[in-house]
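For reference, the structure is listed below as structure tokens.
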Protein chains: 4
Amino acid sequence: MDNENQSVFFDHTIQLRVRYSETDQMGTFYNSRALEWFECGRTEVLRALGIPYSTMEIEGVFLPVIEAHVEYLDRAEYDDLLELTTRILFQGRAKFRAEELLVNTVTKRVVVKGYTVHAFVNVNGNAIRPPQWLVESFYKAIAERKLEQK
Amino acid sequence: MDNENQSVFFDHTIQLRVRYSETDQMGTFYNSRALEWFECGRTEVLRALGIPYSTMEIEGVFLPVIEAHVEYLDRAEYDDLLELTTRILFQGRAKFRAEELLVNTVTKRVVVKGYTVHAFVNVNGNAIRPPQWLVESFYKAIAERKLEQK
Amino acid sequence: MDNENQSVFFDHTIQLRVRYSETDQMGTFYNSRALEWFECGRTEVLRALGIPYSTMEIEGVFLPVIEAHVEYLDRAEYDDLLELTTRILFQGRAKFRAEELLVNTVTKRVVVKGYTVHAFVNVNGNAIRPPQWLVESFYKAIAERKLEQK
Amino acid sequence: MDNENQSVFFDHTIQLRVRYSETDQMGTFYNSRALEWFECGRTEVLRALGIPYSTMEIEGVFLPVIEAHVEYLDRAEYDDLLELTTRILFQGRAKFRAEELLVNTVTKRVVVKGYTVHAFVNVNGNAIRPPQWLVESFYKAIAERKLEQK
């Protein structure tokens, strides 16, 4: 990931297999699937942070995507096992950013790099500040991981 | 369509093109797309009936699919222009059925035959009778079409 | 599964989570996703049988869906953990059938029941008999499992 | 579109409706659908240019996406009628860029802005120069449109 010097982030890696439904007639995954995989990465990084996204929505906090960027660097075929690392960074007070790196475990090559930027909104779609419990869970998880890594 | 002798139905035909995102590595459309196309057919037949589905949901009437059946009879490739005929039939008091026939305008062959069965439910998912305004719109549209066809 | 008395079959169970991309505005999974999940089940049951589908295609054996049937019995929401059991049965000489049962591990209720029927075809789409190596792998896996279960 | 001063481009506008399958539980379209709609825009702008993409692939010219960028500016709901304008620009000798602007005809607001960048590759995925017939069709279509607009 590029932003090593951004101070506060949390990483999580998952594995997923390319589904047949995700391929297209070029024989590789269709381009929009990358954004669907990014969502799988965010779901699991938030669970690892102790703030599952399903809980967030029940609490009235929604994180719609406001920007997405994807670079397609290599192929990935049906049934290839991929490894997706998602890094969450807080930006300012009302956004967060998820950086994504997708590696093909078969070829060891980077398949996709990208990111999504998210707003915090309430159920009516109005921008809100991230609630205190969420920010605290985030920093607590980061602190605990640093301890683990020592 | 098979059920010519069922008394009350309403047909509507639309055209759609196979999107690249709908193909898979076999070079034809991926099987689940048929159900997505069936939905396009239902959307337009309901609009033609004067009861757009978006309005129905605003009025608190939802039509979840409770059964689906699809027979795959021929290929359809990226950019092929398809013709989808949807026939709506009321069944008993709390269900309706949509029969679907998808023809490839390039090859003139039937690509897919199938049907979906739908319940009428309210916003909480509880079964309801179809509201009177909906039933009336349905029979009015059928009566008007019969007049047109004379 | 219904066909307990059909003599030759092979079962396999996987878990999957409902992705946000698989939901729709009714707040449950969109109906066509069931067919995409069925494919995940087939991919893993074939791997468990020792005949991964990706290998089958490389060997020139394709298994297009020729018929699909789905009954929708209950809701499943974003992030719900589902358990999908796929049972493979050979039918006659040139078809196989996959029966699917999807249970919500959160509610313990059956979400979806269904099946798909598949033809064996070559790369040109012409019907073929299932190759000997494939049939043998299938019966070998069944025999081994019966030994295990004793 | 931003790049009014880039000299050579070709625009085309299509309409499409948000499908139910394209919504998610937030009640608006799921983020990855934008990339699928961009593809619909490219398919039709290439047809308007006289070089349908399906023909290009038959001639051995493939245009995989190598970069995609999307800004999500507003909601679009099931059945909303959208207007998508795709502008094709050639960049250097082996890439082209498609800029996309998606407007909600119901609210008149911009829903999505974005672009995709494409490589020209052959059937083996190796970079190629755009074939002469393709470049000529492109400039011919631009010249004809300028004549029409006088």
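Read the figures in this text as sums done on the coordinates, not as results from a lab. Keep in mind it's a predicted model, so treat the numbers as computed, not measured. Cβ: placed from backbone, ideal geometry, glycine included. Neighbour counts: every protein chain shown.
General observations
- A cut-off of 5 Å between modelled amide H atoms, ignoring neighbours fewer than 5 places along the same chain, links B:G125 with no other residue.
- Ranking B:I51, B:V18, B:L134 by Cα position along the charge dipole of chain B, where only Lys, Arg, Asp and Glu carry charges on their C-beta atoms, puts B:L134 farthest toward the positive end.
- For the residues of C:13-25, the average number of beta carbons from a partner chain within 10 Å of their own beta carbon is 6.
- Stokes-Einstein D (µm²/s) once Rh is taken as the Kirkwood radius of the protein assembly as shown over alpha-carbon pairs, at 20 °C in 1.002 mPa s: 83 µm²/s
- Per-residue mean of C-beta atoms belonging to partner chains within 10 Å, peptide A:36-42: 4
- Degrees separating the helix A:132-149 axis from the principal Cα axis of chain A, which is the longest one: 60 degrees
- When only the Cβ of Lys, Arg, Asp and Glu is charged (+1, +1, -1, -1), the dipole of chain A relative to its Cα centre reaches about 440 debye.
- For chain C, the longest principal axis of the C-alpha atoms and the axis of helix C:33-48 are separated by about 40°.
- Sites excluded, GluC sites (Glu not before Pro) in DSSP loops with at most 14 other C-beta within 10 Å, longest stretch of chain D: D:60-150
- In a reduced charge model with +1 at each Lys and Arg Cβ and -1 at each Asp and Glu Cβ, the protein assembly as shown shows a dipole moment near 0 debye about its Cα centre.
- Volume of the convex hull of chain B (Cα atoms only), normalised per residue: 122 Å³.
- What separates the B:I66 label point from its copies, with the point 7 Å along Cα to Cβ, is 3.1, 4.4, 5.4 nm, written shortest first.
- When only alpha carbons are used to place a centre, segment A:27-48 and segment B:35-74 end up 29 Å from one another.
- Amide hydrogen proximity for C:L73: with H placed 1.01 Å from N in the peptide plane, the residues at 5 or more positions away or on another chain lying under 5 Å are C:V112, C:K113.
- Links that overshoot a 26 Å alpha carbon limit, given the list A:K95/A:K146; B:K113/C:K140; B:K95/D:K108; A:K108/A:K146: B:K113/C:K140; B:K95/D:K108; A:K108/A:K146
- With a 10 Å cut-off around each Cβ of D:69-82, the average count of Cβ atoms from other chains is 4.
- Shape category assigned to segment C:86-150 from the gyration tensor of Cα positions, a/c cut at 1.5: oblate
- Gyration tensor over alpha-carbon atoms, segment A:1-83, equivalent ellipsoid semi-axes in Å: 26, 16, 13
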